[in-house]
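Step one of this worksheet: look at the structure below.
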Amino acid sequence: MKQGSGLPVFSGVAIGKAVVYQKTQRRDAAVGTPAEEQAKFDAACVEAKAQLNTLFEKAKADLGEEHAAIVEVQMLMLDDLDYLEGVAAEISAGSSASEAAAGTGEMMAQMFASLDDAYMQARSADIRDVSQRVADIICGGSGFHLPDGNFLLVAEDLAPSETIQLPRDRILAFITQQGSSSSHTAILARTLNIPSLVQSDIFLSDAADCEILAVDGFTGQWYMDPDAETLAMLQKKQAEAAADRASLEAYRGKKSITKTGKQILLCANIGSPEDAESAVAGDAEGIGLMRSEFLYLGRDTLPTEDELFEAYKKVAQTMGDRPVVIRTLDIGADKQVDYMGLEQEENPALGLRGLRICLTRKDDIFRPQLRAIYRASTYGNLHIMFPMVASVWELQESKALCAEIRTELESEGIPTKEVPIGVMVETPAAAVMAGELAKEAAFFSVGTNDLTQYTLAVDRQNAKLGRFYDPHHPAIMALLAHIAKSAQDNGIWAGICGELGADPELTETFIKMGFTELSMAPGRVLETRKLVCESEE
Ligand code: PEP
Ligand code: MG
């Protein structure tokens, strides 16, 4: 038996056959003249675009626009002048078409990976992926073939276009050597509710040779050919987890009320309009956080007001009377888009992000988004929430713009509805000033991911700082208690939409503090409802 560990991104136990995903390393042996090689490359690009187009349609149908947009980014790469000129130069210098395609892609991928920007770093996987696709086509196709039946997928890393092609219903777990808890693989694992590890110490060659691979998403351990005792332990855990999941079904359709009669609203966090369907399937009582920036990522122009309107309308209609909190654009920091022309910053997490961008770019960014939200308001129960608020004036100025936009729409004959406007409390300043902000806001929702980062001065993206990033820190608990009390004193509701919202160790504490809403991944709602219903608070 061999064993090791990784960073778990979703809980559960999986035991089965391992399939190692290895990108093809083959290169074509016969090198023709530069003109012949260039022609091979050009033809392969046409074929790659066709393949990506098919993938795009499949991704849109299976996974929604957000995942499909990732494929679109790769299609654009095939028209990128730097890439095309790089390949042409290598071919002129005597390289084969496939060497030039993969080599230039690898060089650009390494350049992106070295940039001091998490979003651009993540794009390096897309570049490597698409150039490898072209190289594979030149060499006659990819060498990766899936066996029949279910399997655990082991890989160095998985590019979005690779995960999209996989048969989702047959994957029991992902184990990757790279990736982070916010990588595409991790997001997919959570969507599929399967145990997965990223940043693991697994060797691909060992995994390819083993008979049985097991992963424990509760502890972050993996086991190859587990001995009888370990296998029995894992099977027991797996059976217990399945029984737990089944028993949670008893809470479906129930209200989330404590033994003393306090009602807590359990909502879902979503990134795309399609995710609202997962929220309904997870029995969420509303959307506590729609990360609207996903509508802006993975494309090369700003979404139009109409596109945004359609997206918000879809969420509003899917959720009906249930509340939907739309967070206004929170781009910047780890989520960057080229087309906004934002300058490189020394400290992006402390830079122009969230509401700061909106207040700086009212005409082309803030107004269209707010107009779209108000236009969609009559289709459901929408709420607006501003991210990264640090001062009362930012909230006042944003609210004034909302009022102006509502009047403007009404004067254009477009009906609107009252939309409660709240604050995402995620800066220490907003937490400390909660009493003042509560006089201006209709609700609070605490972004504990950023509140932890900024209060403890610990970069949430930096894997090396793991044990210093402690959302249970007494400083965070003190701020949370103060936020809940300030909300109560001023007659508004307060919720939690950061990762802590689904932390079972804190559910009772939050109820005791006075929070009345918790928002989380759709798959966590039922287990949290059980805790609420069992609470004596
Ligand atoms: C947070 O900061 O806690 C949060 C929910 O927002 P995000 O993770 O998108 O920054
Ligand atoms: Mg945040």
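The values are calculated or read from the model by the stated rules, or taken from the named source; none is laboratory data. Note that the structure is a prediction, hence the values are computed from the model and not measured. Glycine also receives a Cβ, built like all others from the backbone with ideal geometry; neighbour counts cover every protein chain displayed. Just so you know, the surface numbers come from the protein's heavy atoms only, side chains and all, with ligands and any DNA or RNA stripped out. Shrake-Rupley method; radii C 1.70, N 1.55, O 1.52, S 1.80 Å.
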Could you list, in sequence order, the residues of the range 210-254 that are surrounded by 13 or more Cβ atoms within 10 Å (Cβ to Cβ) and without any contact (Cβ under 8 Å) to a residue 12 or more places away in the chain? 233, 245
Among (1) without any contact (Cβ under 8 Å) to a residue 60 or more places away in the chain; (2) touching a Lys or Arg at 6+ places or on another chain (Cβ under 9 Å); (3) of a type in the set (Asp, Glu); (4) assigned to a helix (DSSP H, G or I), where does residue 440 come up short? (4)
Would the range 341-349 turn up any residue that is within 16 Å of ligand 1 (Cβ to nearest atom) and in contact with a helix residue (DSSP H, G or I) (Cβ under 9 Å, 6 or more places away or on another chain)? yes
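Could you grab me the full set of residues in the range 359-370 that are touching a residue at least 40 places away in the same chain (Cβ under 8 Å) and surrounded by fewer than 22 Cβ atoms within 10 Å (Cβ to Cβ)?
364, 365, 368
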Six or more apart or on different chains, Cβ under 6 Å: which pairs go from a residue in the range 257-282 that's without any contact (Cβ under 8 Å) to a residue 40 or more places away in the chain to one that's open to solvent by less than 10 Å² (accessible area, probe 1.4 Å)? Could you list them? none
Please go through (1) open to solvent by 50 Å² or more (accessible area, probe 1.4 Å); (2) at pLDDT below 95 for residue 458 and return the number of the only condition it doesn't satisfy. (1)
Which residue is surrounded by the most Cβ atoms within 10 Å (Cβ to Cβ), if the candidates are limited to the range 93-119 and must be acidic (Asp, Glu) and within 17 Å of residue 136 (Cβ to Cβ)? 99
Run down 354, 320 and say which single residue is within 16 Å of ligand 1 (Cβ to nearest atom) and of a type outside the set (Lys, Arg). 354
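Condition check ((1) at pLDDT 95 or above; (2) away from ligand 2 (no atom under 14 Å from the Cβ); (3) of a type in the set (Gly, Ala, Ser)) across all residues:
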residue: 402; (1), (2), (3): yes, yes, no
residue: 421; (1), (2), (3): yes, yes, no
residue: 424; (1), (2), (3): yes, no, no
residue: 433; (1), (2), (3): yes, yes, no
residue: 442; (1), (2), (3): yes, yes, yes
residue: 466; (1), (2), (3): no, yes, yes
residue: 475; (1), (2), (3): yes, yes, yes
Tell me, which residue of the range 412-455 that is away from ligand 1 (no atom under 13 Å from the Cβ), over 27 Å from residue 375 (Cα atoms) and not acidic (Asp, Glu) is least open to solvent (accessible area, probe 1.4 Å)? 434
Give just the number: which of (1) over 26 Å from residue 416 (Cβ atoms); (2) open to solvent by 10 Å² or more (accessible area, probe 1.4 Å); (3) within 16 Å of ligand 2 (Cβ to nearest atom) does residue 291 not satisfy? (1)
For residue 309, only one of the following conditions fails: (1) open to solvent by less than 20 Å² (accessible area, probe 1.4 Å); (2) under 21 Å from residue 385 (Cβ atoms); (3) modelled with pLDDT of 95 or more. What is its number? (1)
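For (1) touching a His at 6+ places or on another chain (Cβ under 7 Å); (2) closer than 18 Å to residue 254 by Cα; (3) open to solvent by less than 60 Å² (accessible area, probe 1.4 Å), each residue gets a yes or a no:
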| position | (1), (2), (3) |
| --- | --- |
| 485 | no, no, no |
| 490 | no, no, yes |
| 497 | no, no, yes |
| 500 | no, no, yes |
| 527 | no, yes, no |
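For residue 363, state whether it is over 26 Å from residue 436 (Cα atoms), more than 14 Å from ligand 2 (Cβ to nearest atom), in a helix (DSSP H, G or I) and among the acidic types (Asp, Glu).
Values: over 26 Å from residue 436 (Cα atoms): yes; more than 14 Å from ligand 2 (Cβ to nearest atom): yes; in a helix (DSSP H, G or I): yes; among the acidic types (Asp, Glu): yes.
Yes: the conditions hold for residue 363.
Quick check on the range 331-353. Is at least one of its residues within 21 Å of residue 443 (Cα to Cα), in contact (Cβ under 8 Å) with a residue 12 or more places away in the chain and either open to solvent by less than 30 Å² (accessible area, probe 1.4 Å) or of a type in the set (S, T, N, Q) (or both)? Steps first, answer last, please.
Start the filter on the range 331-353 by keeping residues that are within 21 Å of residue 443 (Cα to Cα), which leaves none.
Among the residues of the range 331-353, not one is within 21 Å of residue 443 (Cα to Cα), in contact (Cβ under 8 Å) with a residue 12 or more places away in the chain and either open to solvent by less than 30 Å² (accessible area, probe 1.4 Å) or of a type in the set (S, T, N, Q) (or both), which makes the answer no.
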Since residue 471 meets every condition but one in (1) in contact (Cβ under 8 Å) with a residue 40 or more places away in the chain; (2) open to solvent by 30 Å² or more (accessible area, probe 1.4 Å); (3) within 16 Å of ligand 2 (Cβ to nearest atom), which condition does it not meet? (1)
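Just to be sure, is residue 492 over 30 Å from residue 262 (Cβ atoms) and of a type in the set (A, V, I, L, M)? Full working, then the answer.
Details: over 30 Å from residue 262 (Cβ atoms): no; of a type in the set (A, V, I, L, M): yes.
No.
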